[in-house]
1. Rounded, prolate or oblate: which one fits region A:6-83, using the alpha carbon gyration tensor with axes a ≥ b ≥ c (rounded when a/c is under 1.5, else prolate when a/b beats b/c, else oblate)?
2. Could you work out the local net charge near A:Val52, counting Lys and Arg as +1, Asp and Glu as -1, over the other residues with Cβ closer than 10 Å to its Cβ?
3. Any chance you could check the Cα centroid distance between region B:52-78 and region B:102-166 for me, in angstrom?
4. If you place +1 on the Cβ of every Lys and Arg, -1 on the Cβ of every Asp and Glu, and leave all else neutral, what size is the dipole of the protein assembly as shown about its Cα centre, to the nearest 20 Debye?
5. Mind giving me the nanometre distance, one decimal, between the label points for B:Thr313 and B:Lys66, set 7 Å out from Cα along Cα→Cβ?
6. What does the charge count near B:Asp203 come to, summing +1 for each Lys or Arg and -1 for each Asp or Glu among other residues with Cβ under 13 Å from its Cβ?
7. Taking 0.36 nm per residue of sequence separation and subtracting the Cα-Cα distance, how much length would be gained by fully extending the chain between B:Gln270 and B:Glu205, in nm to one decimal?
8. Residue by residue through A:33-45, how many Cβ atoms from other chains fall within 10 Å of the Cβ on average?
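Laboratory data are not the source of any read-out in this text; all were calculated from the coordinates shown. Treat the numbers as computed from the prediction; the structure is a model and nothing was measured. Here the Cβ positions follow ideal geometry from the backbone for every residue, glycine too, while neighbour counts run over all protein chains shown.
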Amino acid sequence: MKDWPLFEIFIRSKNGLNHKHVGSLHAADAYMAIQNARDVYTRRNEGVSIWVVESKYITASNPDESEALFDPAADKVYRHPTFYELPDELKHM
Amino acid sequence: MDNINSLEAKFQQRIDDEEKIEARDWMPEAYRKTLVRQISQHAHSEIVGMLPEGNWITRAPSLKRKLALLAKIQDEAGHGLYLYSAAETLGTSRDEMLDQLHTGKAKYSSIFNYPTLTWADIGAIGWLVDGAAIMNQVALCRTSYGPYARAMVRICKEESFHQRQGYDILLTMCKSSDVQKAMVQDAVNRWWWPSLMMFGPNDSESPHSAQSLLWKIKRLSNDELRQRFVDMTVPQAEILGIRLPDDKLVYNAGRGHYDFGDIDWEEFWQVVGGNGPCNKQRLQARVRAHEEGAWVREAAMTYAEKIRSKKETSAA
């Protein structure tokens, strides 16, 4: 028998907030994944909306490339408002 | 070889810096193996742990108790699932883990090989067994492997109701009549020592513990956790008016902890080795449920495929 595929589960805890990854589960199809996610991840009012996606469709960045991907942001202090020294009397900026 | 050594040194540095390790990060094979073993054992314990309680769903003394017990058991199914999923991120499959449980290769917490004889046992399990589990699980919220730590946080949030519902059962019985209080005492007599065994062998007898602590898979040693549990539980027993069955249990002002008697490790190893009162029954129940559910899993998959192919045909 074919195994039930793995789904990644994302829950919106309340309107106004992003869906957030909460974990994964196996289900025969996406509809069953939503039903199972409702039972597994929202038993105590943790959610108002559920997204499910089969794990195989997620492309993840490689941890070995973390430096190349993320380090360049570290030396760009001018992207932050605190980089700019302005006179104290300047308001609302 | 140098390469491996430097990778391992880097890995240990990340652990020492309290960085979490995530699924796709490099990790030593032994770290991966230890985690798979520990997380899957933990998952199996949640699943097998449903069995002694399931015994009492239809016999709970009121609708309120029945609802609470059902909710608790449903949580345990969920907890098993969080943990299986966490283990799967390490490259093992659900089928592989279930197979190891069903063939007896993988262990689960040996506490679940004891029988639940009266309703007071359900209270004692919630108070002592879940209490001991929580003690262990709270420490594991800080474990170094990210997916395991996140599963533990979720579990701890849900688990505290389990202990309270157990204690509430016992409190009600202790206040109700001498006969019921005697039932509570009897249940506590039977569950106390196995609960202490849940923390595992003494540190001196637990060879893998040191490495697990170094890798921060475990955050506290077996004996530290056991001591914390005893210290926490003694005052709770006093509120119930129940005696914990240990003549050597006494507060040691010098240590600032309760001293307690020697654990019967012979019994522990007997139960771990498959000779507990219910080992066969528990495993049989698991295997039967898995086998009898096979057609459901297959039917669901066949139905899902049918729907998929129908959609494809109508789209074409």
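1. Details: a/c = 4.17, a/b = 1.78, b/c = 2.34.
Verdict is oblate for region A:6-83.
2. Values: positive: none; negative: A:Glu8, A:Asp29, A:Glu54.
Cβ neighbours under 10 Å give a net charge of -3.
3. Cα centres, region B:52-78 to region B:102-166: 15 Å.
4. Numbers: 51 positive and 56 negative charges, 331 e Å.
Roughly 1580 debye, rounded to the nearest 20.
5. Reported label-point gap for B:Thr313 and B:Lys66 is 4.5 nm.
6. Numbers: positive: B:Lys218, B:Arg226; negative: B:Glu205, B:Asp223, B:Glu224.
Taking every Cβ under 13 Å from that of B:Asp203, the sum is -1.
7. Working: separation 65, 0.36 × 65 = 23.40 nm, distance 1.60 nm.
This chain segment gains 21.8 nm when fully extended.
8. Details: counts 0, 0, 0, 1, 0, 0, 4, 8, 4, 0, 5, 5, 0.
Mean shielding by partner chains, rounded to a whole number: 2.
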